[in-house]
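The values are calculated or read from the model by the stated rules, or taken from the named source; none is laboratory data. Owing to the predicted nature of the structure, the values given are computational and were not obtained by experimental measurement. With ideal geometry, Cβ positions are generated from the backbone for all residues, glycine too; neighbour counts draw on all protein chains shown.
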Amino acid sequence: MSNSAELEKTVSPFENEQECDRSELAAQYAAFEESLTVYQTLRLYWRSILWVMYGLALVFGFGIDGNVAANLLAMPRFRVDYGKELDSGGVVSYIIPANWLSLFTGISQLCAIIGAFGAGWLADRIGRKYTALISCVISIGGVAAQFASHGSLGVLAAGKAINGIPTGMWLVIGPLYASETAPLKLRGVLIAMTNIVSLSGVLLFTGVVYQVGSSTTAAAYRIPLACQWIVPGLIILTAVFWPESPVWLVRMGKPEAAMKAIKQLYGSDKGRIDGEAVLAQIEETIERERRLSADKASYIECFAKGNRQNTLMSMFVYACQYLSGVVLVQGYQSYMYELLGYSSHEALLLGLLNIALQWIANVCSWFLIPTIGPRNLIVWGQLLAAISLFIIGGACTGSTQAANQVAVGFMFIWGVIYQLSVGAASWTVVGELPVLRLRSKTQALSNATLQFFQWLIGFVFPYMFNPDAGNLGGKVAFVFGGTTMVGFLVTFLFLPELRNPYKK
């Protein structure tokens, strides 16, 4: 029997749906989804997978925005136009003062926290699609302010603040849409792709910086700044075709609109995927959760008994992304390479190669998540990352070329470990650990936690790292080695294992 014929035979379990009540139909569809192989899921749900990737494209913009400050800092032309002179033993150089660098990075994350909470509230009222559109309009204005700053750190920081609001919203909307529309067998992997989409934004931005960063004109930093228009511009132009989440439509009492969205997401061929069965499963799931808690979902309920551990661990695994030292080894790596004695061009090239290697490692994580499990990846990955950070810190206490090479080598090793573990698997945990009715609010809380730690570490880091402040340089890796060990211990003790839909 051919693969196509076998697929047709396997995926048509709904012939007697009229004889079933909605609960039975929902149960049939749930059993049907469980029975599919990964290959069959890809064949059947390719439309919804593409729409999930479209929603996750928002996170591409987050990846670009999150690395603007650190990458611009590695550009000599940017430091000349926006910085101040620093006389180091008769050698004059230009730096961005630590207080401005803290403001430049920190204010964006504070506004992203507002955006994360606003997205959770707004997405529950006007839908995922229109919340995304509003965020993209805000982003266009914020990037315009950055592009027009012309040497003014104040205007640049204002533009970063404005753009921080939509980037916080994007980290809620993209994974939320994926968790509600992705097929069961691939849901964890697709949610985990949040990180590689973000990393792809980092890779593009780093590549652009490498190509133009050595320019002696303002184009060195204005072209990378303009890259931030890519995502909001494309979403605004194409969102008219984007189906709304049927889960949200059902919750709003719009079953006809939900059925239309289901057909857009899964196709209208009843012999393969029955839209009525999908709708019945959504209705049954929402009704079951409403019966468990008859009152309206609230943020307080996220911390009620039965939900508290899921909420706190969802928040904590996101915090682990920044406790693990990502701001040093990913964000400021090009600048650190310069401090280790590499030229600006060499530093940008090393940064690009490191991000490219992390991208490959993240792709490998797609295969590890369903086999090893997100919990094991997060827990043991943090232990290995902490060891790498302590080695980086130790190497940076010396000043020899060999010590510098060890530090650079373990920055690459750390990048691989991070992308195989907490960098990818944390998105799966936050996407699947909360119950459906609290998912948008739990994701909003988790993203606010992520943005808070991104702000806190981004604000404090320049004062520890910068030559005009604490001047720790690479020795700051000792600090992050300690915080990563805290993450290892907490997740080892309290992070529950997720149900594995890949195993029958």
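When region 124-139 is filtered for residues that are more than 18 Å from the chain's Cα centre (by Cα), in a helix (DSSP H, G or I) and not charged (D, E, K, R), the ones remaining, listed by number, are 126, 130, 133, 134, 137, 138. Yes or no: region 191-212 includes at least one residue that is more than 17 Å from the chain's Cα centre (by Cα), not hydroxyl-bearing (Ser, Thr, Tyr) and not in a helix (DSSP H, G or I). Scanning region 191-212, I find no residue that is more than 17 Å from the chain's Cα centre (by Cα), not hydroxyl-bearing (Ser, Thr, Tyr) and not in a helix (DSSP H, G or I), so the answer is no. Within region 166-178, one or more residues are over 23 Å from residue 452 (Cα atoms) and either among the polar types (S, T, N, Q) or more than 9 Å from the chain's Cα centre (by Cα) (or both).
Exactly one residue among 233, 253, 151, 188 is surrounded by fewer than 24 Cβ atoms within 10 Å (Cβ to Cβ) and in contact with an Asp or Glu (Cβ under 7 Å, 6 or more places away or on another chain), and that residue is 151. Within region 480-504, being surrounded by fewer than 20 Cβ atoms within 10 Å (Cβ to Cβ), at pLDDT 85 or above and farther than 15 Å from residue 378 by Cβ holds for one residue alone: 482. Just one of the listed residues (447, 466) is in contact with a helix residue (DSSP H, G or I) (Cβ under 6 Å, 6 or more places away or on another chain), farther than 30 Å from residue 283 by Cβ and touching a residue at least 12 places away in the same chain (Cβ under 8 Å), namely 466.
The helices (runs of 4 or more DSSP H) falling completely within region 25-79 that include 2 or more residues that are at pLDDT 80 or above and farther than 17 Å from residue 278 by Cα map to 38-44, 46-65. Selection within region 213-239: residues that are assigned to a helix (DSSP H, G or I) and hydroxyl-bearing (Ser, Thr, Tyr). The member of this set that is farthest from the chain's Cα centre (by Cα) is 221.
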